[in-house]
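**Q** Sending over a structure as structure tokens; questions will come in a sec.
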Amino acid sequence: MSLTEDDLRATIARELPGVRADLERLVRIPGIAFDGFDHSHVERSAEAVAELLRGCGLDVQIVRAGGQPAVIGHKPAPPGAPTVLLYAHHDVQPAGDPALWTSDPFEPVERDGRLYGRGAADDKAGVMAHVAALRAFGDQLPVGVVLFIEGEEEYGSDSLDELIQNHRELLRSDVIVIADSGNWDIGVPALTTSLRGLVNCFVEVSTLQSAVHSGMFGGPVPDALTVLSRLISTLHDEQGEVAVDGLVGREGATVDYPEERLRHEAGVLDGVKLVGNGRLTDRIWTKPAISVLGIDAPRTSEAPNALVPKAKAKLSVRLAPGDDPASAYAAIRAHLEKYVPWGAHVDVTLESGGAPCVIDATGPAYDAARAAFTTAWDGVAPVDMGVGGSIPFIATFQELFPQAAILVTGVEDPFAGAHGPNESLHLGEFARVCLAEALLLRNVAELGS
């Protein structure tokens, strides 16, 4: 006998204190997969997740493909029922400067209905939303489940494709739920239906064999920093629109982003103008963006009176849905080589790339998800939204499991502050996410009956 909506509301409410306690235990583990950090904490994090999944009655294994450990938990479907893959990741971003945090980033603290701590939202709450849904059903789980909890998503998911290939048959499923996105607003749920892709690259310019006296040679001899600055300025026009030929961009977002809300959420300083043209949602979701992430140059406190011979910048290019990382990188490289001023030498190298994706969110599984979200949010229907960020492996799931319905959900809200200081989780919204996922599993089970 399947659990009713009232049953699930009651069981989620009963389980939430334990779910929160386990979330706090996960947040205390600084599982950072970046180079230079103690990866034993990532191992501890994987073991903690494995223990949680075993407690839900799943067969569990910790797996790797040359990178950090992922956790796979599996429970077969009842006869005739579909199988649902539930994805999240247990690794986190580095905390950054501790002075920017109001409290210890790895000691969870509640303030004003939010739980603060690194990974509290991204994405250990995603892990625990899956666990909460499983605990709500207990021994009456109406679908088969595969939990795939990755261990290096924040570091680029370098081994993820190989992991998926190695365990392809175990991961095969009818519905895939990727809990690594967010909701439109507090009180307004969302399904993510498009994400931008990514090309990260380096551009280095050279003008001299070595540094020379700025008084003796400054004037006729160009320094590399000036060259690099002028070259970077060619990537945008006067309005801030990307000015690189060959990059795909389009309009067509169905909702808009109020400017004051964006300015508040991004922390834009008073008087700073937003750049680009068109709807803000188009500028974030369906158009390319180019940002300068860093520059290698002498520190101002240590800079001699000398012309800099070489300068290097790291560029981040977000790709609109419909673009291709290889062709986008070729367009960026061609632009930089064409517009480098004064005959300076330029070298462009690729660091990493990931494909954008668009999800056709129509069909029974998406109807089941929307119904679950609407119920969990007390009648508020979910928004179909894009995301300016990237989850490149979604394209891998689309390629390997073309028949599966892919649902991109999440626990974050516009004030979660993921990747920044004082990351936090709205506990009221988290309760709704947990209920929504339990309702989703029930609704999907009914599709297969």
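The values are calculated or read from the model by the stated rules, or taken from the named source; none is laboratory data. Every value quoted in this text rests on a predicted model; they were computed, and no experiment measured them. Reconstructed Cβ throughout: ideal geometry from the backbone, glycine too, with neighbour counts over all protein chains shown. When the accessible area is computed, the model is the full protein with side chains, heavy atoms only, and any ligands, DNA or RNA have been set aside. Shrake-Rupley method; radii C 1.70, N 1.55, O 1.52, S 1.80 Å.
**Q** Separation between the residue 21 and residue 35 pseudo-spin-labels, each 7 Å from Cα along Cα→Cβ, expressed in nm?
**A** The modelled label-to-label distance comes out at 4.2 nm.
**Q** To the nearest 10 square angstrom, how much accessible area does residue 250 have with a 1.4 angstrom probe?
**A** 100
**Q** Give the whole-number value, in cubic angstrom per residue, of the convex hull volume spanned by the C-alpha atoms of the range 138-188. Write down the numbers at each step before the final one.
**A** Values: hull volume 7.8 nm³, N = 51.
Per-residue hull volume (Cα only) is 153 Å³.
**Q** Any idea what angle helix 325-339 forms with the longest principal axis of the chain, computed on alpha-carbon atoms, 0 to 90 degrees, nearest 10?
**A** Result, in degrees: 20.
**Q** Now for a separate question. Working from Cα positions, state the angle (0 to 90°, nearest 10) between the long axis of helix 427-448 and the longest principal axis of the chain.
**A** Value to nearest ten degrees: 60.
**Q** Please report the spacing between the Cα centers of the range 287-358 and the range 217-249 in Å, no decimals.
**A** A separation of 10 Å, based on Cα centres.
**Q** Separate question: Please list 3J(HN,Hα) in residue order for the range 394-402, calculated via the Karplus relation 6.51 cos²θ - 1.76 cosθ + 1.60 where θ = phi - 60°; whole Hz, with x for glycine and proline.
**A** These are the phi-based 3J(HN,Hα) values: 4, 4, 5, 4, 4, 6, 7, 10, x Hz.
**Q** So, in nm, how far is label residue 230 from label residue 102 when the simple model puts each one 7 Å beyond its Cα toward the Cβ?
**A** Result: 4.8 nm between the two label points.
**Q** Plugging the Kirkwood radius over Cα pairs into Stokes-Einstein for the range 1-146, at a temperature of 10 °C and a viscosity of 1.306 mPa s, what D comes out in µm²/s? Present the calculation step by step, with values, prior to reporting the outcome.
**A** Values: Rh = 16.4 Å.
Once the numbers are plugged in, D ends up at 97 µm²/s.
**Q** Give the cross-link partners of residue 314 among the aspartates and glutamates, using a straight C-alpha distance below 13 Å as the criterion and excluding same-chain residues fewer than 8 apart.
**A** Straight-line reach from residue 314, under 13 Å: 204, 296, 347, 351.
**Q** Right, here's the next one. Please give the FRET efficiency for residue 295 paired with residue 264, using the beta carbon to beta carbon distance and R0 = 35 Å, rounded to the nearest 0.05.
**A** That pair, residue 295 with residue 264, gives E of 0.75.
**Q** Still on this structure: Residues in the range 143-175, backbone N under 13 Å from the label point at residue 419 (7 Å along the Cα-to-beta-carbon vector): list them, ranges by number please.
**A** Backbone N within reach: 154-156.
**Q** Starting from the Cα of residue 210, step 7 Å toward the Cβ, then list every residue of the range 295-330 with an amide N under 13 Å from that point.
**A** 309
**Q** Just check the range 40-116 against the gyration tensor rule for me: Cα atoms, a ≥ b ≥ c as the square roots of the eigenvalues, rounded for a/c under 1.5, and otherwise prolate or oblate depending on whether a/b exceeds b/c. Let's see the in-between values first.
**A** Numbers: a/c = 2.94, a/b = 1.81, b/c = 1.62.
Note, shape of the range 40-116 comes out prolate.
**Q** Largest first, please: the extent of the C-alpha atoms of the range 2-67 along each principal axis, to the nearest Å.
**A** Principal-axis extents of the range 2-67 (Cα, largest first): 48, 24, 15 Å.
**Q** Anything over 24 Å Cα to Cα? Flag those among 75/124; 310/338; 273/338, in the order listed. Kindly include the intermediate steps, with their values, before the conclusion.
**A** Numbers: 75/124 21 Å; 310/338 18 Å; 273/338 29 Å.
From the list (75/124; 310/338; 273/338), the Cα-Cα distance tops 24 Å for 273/338.
**Q** Along the range 64-76, what does the Karplus equation 6.51 cos²θ - 1.76 cosθ + 1.60 (θ = phi - 60°) give for ³J(HN,Hα), rounded to whole Hz, x for Gly and Pro?
**A** 8, 9, x, x, 7, x, 10, 10, 10, x, 9, 9, x
**Q** Another one. Given points 7 Å out from each Cα along the Cα-Cβ axis, report the residue 186 to residue 351 separation in nanometres with one decimal.
**A** 3.4
**Q** What whole-number value in Å² describes the accessible area per residue of the range 36-189 for a 1.4 Å probe?
**A** Numbers: 5560 Å² over 154 residues.
Each residue of the range 36-189 exposes 36 Å² on average to a 1.4 Å probe.
**Q** Would you mind classifying the range 346-449 by shape? Square roots of the alpha carbon gyration tensor eigenvalues, ordered a ≥ b ≥ c; an a/c under 1.5 is rounded, otherwise it is prolate if a/b is larger than b/c and oblate if not.
**A** Working: a/c = 2.77, a/b = 1.32, b/c = 2.10.
Verdict is oblate for the range 346-449.
**Q** Here is a further query. By how many nm would the segment from residue 237 to residue 358 lengthen if fully extended, with 0.36 nm per residue of separation less the alpha-carbon distance? Write out the running numbers ahead of the final one.
**A** Numbers: separation 121, 0.36 × 121 = 43.56 nm, distance 2.76 nm.
Full extension from residue 237 to residue 358 adds 40.8 nm.
**Q** If you don't mind, there's one more thing I want to ask. Only loop residues by DSSP count here, and only those with at most 15 other Cβ atoms within 10 Å; note down the GluC sites (Glu not before Pro) in the range 1-61 that meet that. Mind showing how you got there, number by number?
**A** Values: sites: 5, 15, 24, 43, 47, 51; in loops: none.
Of the GluC sites (Glu not before Pro), not one in the loops of the range 1-61 has a Cβ with at most 15 other Cβ atoms within 10 Å.
**Q** What are the extents of the Cα atoms of the range 182-320 along their three principal axes, listed from largest to smallest and rounded to whole Å?
**A** Taking the Cα atoms of the range 182-320, the three principal extents are 63, 34, 25 Å.
**Q** Using the Kirkwood formula on the Cα atoms of the chain, what hydrodynamic radius do you get, in angstrom to one decimal?
**A** Details: mean 1/r = 0.0426 Å⁻¹.
After inverting the mean inverse Cα-Cα distance, the result is 23.4 Å.
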